[in-house]
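Asks: Sharing a structure below in structure tokens format, with a few things to ask.
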Amino acid sequence: MKIPYYQVDAFTNRVFAGNPAGVCPLETWLDNGTLQNVAAENNLSETAFIVEKEEGWELRWFTPRTEVDLCGHATLASGYIVSSVLKRGGSVIRFFTRSGILTVRERDDLLVMDFPSRKGEPASAPAALKKGLRCDFEEVYKSRDYLVILASEEEVKKLQPDFAELTAVDCLGIIVSARGQEVDFVSRFFAPRVGIPEDPVTGSAHCTLVPYWSSRLGKKELVAHQVSQRGGELFCGDMGGRVSIAGRAVIYLEGYIYTG
């Protein structure tokens, strides 16, 4: 079987930056084992699979180890492929996902996603989180992921986690964040439990970051940097029960996957 394949760098306007995502347009759904094998072979933090329907596109995301319920950068990458490569986007692209209907629309040179808000609740840090991050916390919150607030951008940048310890933390991922020096806030994201030691840029983490920083800074519109080695820029908005997450994308690779 031959599957079209695109690799897109998301939340950046240049290759070799942002977060690379695989996008596979399918005519119909393949079995879960094949989808997972493709994602494992790609070995990116996420591979997205899309199937066109009359009213939009069905979208699923896989890490090298498992299917996940929400992924920002691979949604941005999918929206870019549908609108810029397949030319079947329209003014608003509708994706049907495990997290409900997600939309992507163009605004100037940005792709703007409409995502659910996932406000974190105050939490106590489990022992594995403390041992894994090896730093002092200001605050800890829990939604799908743990959100850990540090005192400064520099502390976020210099973190060197123990990923073996973080694998024992009972959640999908760990967000570490602080107020930014040149932007509203910075972050990093670790998810070794699902095969992603550090994710370069994590759109879904901003479903939790945006309501936190919007409340703390008293702002509805926010600019964020994920300060991983590759780095990425996100333009966010707090819309109450929803958040907008916008960024740029650029195609890196186009070809085919052969499944035998």
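Asks: For the stretch 121-238, state the average projected area of the convex hull of the C-alpha atoms over all orientations, rounded to one decimal in nm².
Replies: That works out to 6.3 nm², a quarter of the Cα hull's surface.
Asks: Considering only DSSP states other than H, G, I, E and B, which chymotrypsin sites (Phe, Trp or Tyr not before Pro) in the stretch 1-56 qualify as loop sites with at most 15 other Cβ atoms within 10 Å?
Replies: Those satisfying the criteria are F16, W29.
Asks: Of the lysine pairs in the chain, how many meet both conditions: Cα atoms under 23 Å apart, and a spacing of 8 or more in sequence or different chains?
Replies: 17
Asks: Over the stretch 121-238, what relative contact order in percent results from Cα pairs under 8 Å that are six or more residues apart?
Replies: 20 percent
Asks: Rank the residues C135, C207 as a footprinting-exposure proxy: fewest other Cβ atoms within 10 Å of their Cβ go first.
Replies: Placing the least packed residue first, the sequence is C135, C207.
Asks: To continue, here is another question. Can you tell me which of F163, F95, F62 moves the most in a GNM of the chain? Springs connect C-alpha atoms under 10 Å apart.
Replies: F163
Asks: Let me ask another. What's the extension gain from V92 to D136 if we count 0.36 nm per residue and subtract their Cα-Cα distance?
Replies: On the way: separation 44, 0.36 × 44 = 15.84 nm, distance 4.31 nm.
Computed gain between V92 and D136 is 11.5 nm.
Asks: Putting +1 on Lys and Arg Cβ atoms and -1 on Asp and Glu Cβ atoms, find which of G173, A151, V201 reaches farthest to the positive end of the dipole of the stretch 121-238.
Replies: Value: G173.
Asks: Relative to the longest principal axis of the chain, what angle (0 to 90°, nearest 10) does the C-alpha long axis of helix 32-42 take?
Replies: Its long axis makes an angle of about 70 degrees.
Asks: Here is a follow-up. Could you give the size of the charge dipole of the stretch 98-252 about its Cα centre, using +1 on the Cβ of each K and R and -1 on the Cβ of each D and E, expressed in debye and rounded to the nearest 20?
Replies: Charge dipole, the stretch 98-252, about its Cα centre: 360 debye, nearest 20.
Asks: How large is the direction-averaged shadow of the alpha-carbon convex hull of the chain, in nm²?
Replies: 13.0 nm²
Asks: In debye to the nearest 20, how big a dipole does the chain give about its Cα centre with +1 on each Lys and Arg Cβ and -1 on each Asp and Glu Cβ? All intermediate terms of the calculation are to be shown ahead of the outcome.
Replies: Numbers: 29 positive and 34 negative charges, 33 e Å.
Dipole about the Cα centre, nearest 20: 160 debye.
Asks: Relative to the longest principal axis of the C-alpha atoms of the chain, give the angle of the C-alpha long axis of helix 206-217, reported between 0 and 90° and rounded to the nearest 10°.
Replies: With both axes taken from Cα atoms, the answer is about 40 degrees.
Here, each number is a calculation from the coordinates, and none is a lab measurement. If you're wondering where the values come from, they're calculated on a predicted model, not measured in any experiment. With ideal geometry, Cβ positions are generated from the backbone for all residues, glycine too; neighbour counts draw on all protein chains shown.
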